[in-house]
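The values are calculated or read from the model by the stated rules, or taken from the named source; none is laboratory data. Since this is a predicted model, take the numbers as computed values, not measurements. We place every Cβ from the backbone using ideal geometry, glycine too, and count neighbours over all the protein chains shown. These accessible areas exclude ligands, DNA and RNA; they are computed on the full protein's heavy atoms, side chains included. Shrake-Rupley method; radii C 1.70, N 1.55, O 1.52, S 1.80 Å.
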Amino acid sequence: MAEKNSGKLSIHTENIFPIIKKWLYSEHDIFLRELISNSVDAMSKRKAIDNNLEEDLKIEIKVNKKKKTIQVIDYGIGMTASEIKKYINQIAFSGAEDFVEKFKDKQSTIIGHFGLGFYSSFMVAKKVTIDSLSYKKGTKATFWECEGETDYTALDGKRKTVGTTVTIHLNKDSEQYLEDSKIKELIEKYSNFMPFPIYINKEKELANQTEALWLRKPKDVTEDEYKEFYKQLFHDYNDPLFWIHLNVDFPFNLKGILYFPKIKNQIELNTGKVKLFCNNVFVADDLKGIIPEFLLLLKGGIDIPDIPLNVSRSFLQQDQQVKKISKFIIKKVSDSLKDIFKSDRKKYEGFWEDINQFIKYGVLTDEKFADSMKDQLIFKTTDDDYVTIEEYKTRNKSDDKPQKVYYAQSEDTQVSYLKLMKEQGIGVIYSNSVLDNHIFQNLEMKNNDVTFVRIDSEINENLIDKKGEKKTENSSKIEMIFNNALNENIEASFSKDDYAAFLKKHPKAATVLTPFITTQDDNTKIKPYDISYSVKGELGEEAFNEIVQKAFIEIKTETKHLKSKDIPAMIVFNEFMRRFQEMNMLNQPDNGMDMLKNHTLIVNPENKTIKKILQLSEKGETDKVKFLTKYIHDLAMLEQKRFSGKELHTFIENANKVLEMIK
């Protein structure tokens with residue numbers, strides 16, 4: 001009969017165990033990672049001891065739903081009864097530490113702290129047993145059993161081959177681990193790159209990949225291998241755009257591959273897509289706050305052998321070595337991008353639309369990356385090529401200080417403006433990223449000799465016919481017609497004292513304004529655009545402008561003689577108000593504010609339709625004039641925004657009315 005021993009575990013409470021115990025209860029899934037790591041450790045030791053070993057070293061995981069057990073079986077060095085006593089019963093010691101002392105030259109493959117990691121199994125188990133046979137000659141199998149308390153039982157074991165079998169008797173709260181799919185999921189997440197094959201329930205198909213590609217030197221990896229590794233790791237059937245292979249031994253040890261996937265035209269941080277490993281064992285995939293946020297747009301794996309497996313986020317965030325590695329990765333990424341830009345500009349431009357969000361986000365959030373990449377920011381132009389800002393300035397020389405860089409939202413918006421600019425040979429870049437307003441502001445702050453102007457923020461002087469620049473009586477009449485139609489309910493409000501001061505300055509107003517005045521309490525109210533053109537002439541331009549200044553006007557009208565007579569009117573928005581609105585919408589998309597209600601309508605007196613409206617006004621066809629002026633404003637607005645369903649319905653109804661008018 002086998003000799004039976006029992007006793008109490010020697011837990012060194014003054015050592016590391018209480019810290020690990022506190023951590024263990026937060027991540028139950030890691031129990032399998034720890035046991036597999038222990039098995040890999042044991043087999044790495046056996047391989048180191050016997051280089052001529054012919055036996056296939058592997059890990060087998062057997063799930064028994066009936067017994068509610070999980071077995072992790074390895075063919076490593078095994079343990080004697082005395083080793084179990086040392087490494088299991090006295091859990092503050094590490095099985096790896098003594099071994100590494102003897103085999104220092106191979107220590108990078110020794111990843112486990114057997115006693116420490118082994119106890120993670122008690123997070124999911126009501127009982128755990130060990131059956132182990134040591135590789136040492138003359139030893140016999142030994143068995144160990146514990147039910148999660150400090151009491152244990154030791155007997156002779158039944159193991160016939162060298163290695164260790166750990167059997168977990170699952171508790172009621174952990175029976176989800178009896179599903180093969182769950183075990184496969186945990187292996188893929190935590191132990192995918194273990195150097196030995198892992199099999200589940202005698203399946204012939206491997207449950208892990210066995211090799212992390214970043215362990216090889218870049219020159220030894222083919223393009224197809226990089227792509228295949230990416231697809232396996234991220235279950236993505238699309239090829240990555242390109243990748244950066246990290247392989248550093250000094251001043252720190254770092255290996256990894258960062259892949260550049262196609263990034264959509266919005267910021268979507270790929271939480272969990274940049275994974276942190278330690279000697280091929282998964283450590284974490286939520287690296288926010290550990291590596292720069294913009295790098296989370298990428299996908300890949302980073303292996304840092306010098307960090308502990310069981311580590312907290314706060315430790316990683318504060319660790320100086322991790323901070324140095326983070327800075328190195330930023331430099332490596334920027335250097336790689338710059339190399340492509342300089343050596344193969346066409347390739348860089350080819351994937352720009354897919355990675356510009358990443359680069360722009362990095363420029364905005366990381367100062368060192370911004371300094372490195374500012375000259376590699378490129379923009380597509382109306383000439384269907386790409387330019388840097390310096391190249392744009394050279395191509396579009398100007399005496400303006402700061403020099404204006406004109407941009408449009410896309411090829412499909414601000415079409416009239418783009419046509420005018422192109423006809424006059426003025427270069428325009430496209431701004432199709434949600435980050436561009438921030439990029440423009442960032443570049444303007446760092447570079448005082450450039451300013452970014454959207455083409456609908458002003459009418460460039462090169463678009464104006466200088467011959468018609470002098471304001472005529474017809475120009476004033478046109479402005480009055482449009483202001484009357486678009487601002488018919490606008491009121492100017494004077495306090496009692498203000499109106500008295502106004503009348504003292506403009507005595508005629510007391511008589512000519514009488515039909516247009518209403519009073520409320522001590523306030524005098526005037527609708528400036530109800531004032532007829534003849535009364536306005538009698539009142540005088542200065543007095544009329546003072547009335548207008550007392551009113552809040554959303555739509556202002558100006559006349560400018562455009563070189564193109566085909567365009568009746570164009571809308572311009574204040575550049576900085578529009579930028580502020582777009583930035584605000586990016587941060588608070590549902591705030592309901594519309595600061596672009598305040599804009600200026602530029603009316604072209606040389607256009608035939610505008611001349612026709614002027615003739616209709618002189619004939620006294622007020623309703624028709626008002627309808628056409630509003631329709632022209634809607635036409636101009638159509639280039640600026642997407643109409644709502646209601647707005648589009650009204651616009652189509654009005655378009656049909658216009659067609660009826662020309663029958």
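Brief remarks follow.
- Separation of the residue 554 and residue 634 label points, Cα + 7 Å toward Cβ, nm: 1.5 nm
- Once the chain from residue 172 to residue 262 is taken as fully extended at 0.36 nm per residue, the excess over their C-alpha distance is 28.0 nm.
- Crossing angle, helix 473-486 versus the chain [Cα axis fit, 0-90 degrees, rounded to tens]: 50 degrees
- The relative contact order of the stretch 531-663, computed from alpha carbon pairs under 8 Å that lie at least 6 residues apart in sequence, is 26 percent.
- (i) 27.9; (ii) 31.5; (iii) 29.2, with the label sought being that of the calculated Kirkwood radius over Cα pairs in Å: (ii)
- Integer Hz, Karplus 6.51/-1.76/1.60 couplings in order for the stretch 204-217, x for Gly and Pro: 7, 7, 5, 8, 9, 8, 6, 9, 8, 4, 5, 6, 7, 6
- Annotation: per residue accessible area for the chain equals 52 Å², rounded to a whole number [probe 1.4 Å, protein chains only].
- Phi to ³J(HN,Hα) by Karplus 6.51 cos²θ - 1.76 cosθ + 1.60 over the stretch 632-637, Hz, x for Gly, Pro: 5, 4, 5, 4, 5, 5
- Distant-in-sequence amide contacts of residue 274, defined by a placed amide H-H separation under 5 Å and a gap of 5 or more residues or a different chain, comprise 300.
- Helix axis angle, 180-190 relative to the chain longest principal axis, alpha carbon, degrees: 80 degrees
- The label-point distance for residue 158 and residue 444, in a model that sets each label 7 Å from Cα toward Cβ, rounds to 7.9 nm.
- Cα centroid separation, the stretch 207-244 to the stretch 382-459 (Å): 40 Å
- To put it simply, the accessible area of the chain at a 1.4 Å probe is 48 percent carbon and sulfur.
- For the stretch 377-382, 3J(HN,Hα) per residue [Karplus equation, 6.51 cos²θ - 1.76 cosθ + 1.60, θ = phi - 60°, Hz, x = Gly/Pro]: 6, 10, 9, 6, 10, 5
- Distances between placed amide hydrogens fall under 5 Å for residue 156 paired with 3, 143, all partners being 5 or more residues away or on another chain.
- Amide H contacts of residue 303 (H built 1.01 Å from N, in plane; Pro and chain starts excluded): 255, 256, 277 sit under 5 Å, all sequence-distant by 5 or more or on other chains.
- Cα-Cα over 18 Å, subset of 527/611; 401/446; 556/626; 560/608; 255/327; 227/332: 527/611; 227/332
- Between the C-alpha center of the stretch 46-85 and that of the stretch 529-579 there is a gap of 86 Å.
- Using a cutoff of 8 angstrom between alpha carbon atoms and counting only pairs six or more residues apart, the relative contact order for the chain works out to 8 percent.
- Our summary gives the stretch 283-435 a relative contact order of 18 percent, counting only alpha carbon pairs under 8 angstrom and 6 or more residues apart.
- Counting only alpha carbon atoms, the long axis of helix 352-365 and the longest principal axis of the chain meet at about 90°.
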